[in-house]
Amino acid sequence: MERNDIIDFKALEKELQAALTADEKYQRENAAKLRAVEQRVASYEEFRGIVLASHLKPLERKDKIGEKRTVPWNCHSTPGRTSQDETTEISQA
């Protein structure tokens, strides 16, 4: 087999992941555009804001009410501590 006949599966998988991510983004933004048009937004800025925020997900009930927060909303507001002082895991689920 020549060098040109070898398939680089890692590069192929990376290209597939990039294509899938781009397709998900396209579908998400397109759905946001259709929702914005259906809502008859008043200005282009509103339309653009809806499309740019399409990746955001609504808070779940457990996010609003429930367990004590271990991570402050603004880590710079806590005097004497920096975000590098401690490690905190935040799930992206």
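All of the numbers you see were taken from the coordinates with simple rules; none came from a lab. Since the structure is predicted, the reported quantities are computational estimates derived from the model, not experimental observations. Please note: Cβ atoms are built from the backbone with ideal geometry, for glycine as well, and neighbour counts cover all protein chains shown.
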Item to check | Karplus (6.51, -1.76, 1.60) ³J(HN,Hα), θ = phi - 60°, over the range 27-36, in Hz, Gly and Pro reported as x | outcome: 4, 5, 5, 5, 5, 5, 4, 5, 4, 5
Checklist entry - Between Arg40 and Arg28, what length in nm is gained on full extension when 0.36 nm per residue of separation is reduced by their alpha carbon distance? => result 2.5 nm
Checklist entry - Taking the simple approach of a point 7 Å from Cα along Cα-to-Cβ for both Ala18 and Arg48, what is their distance in nm? => result 2.8 nm
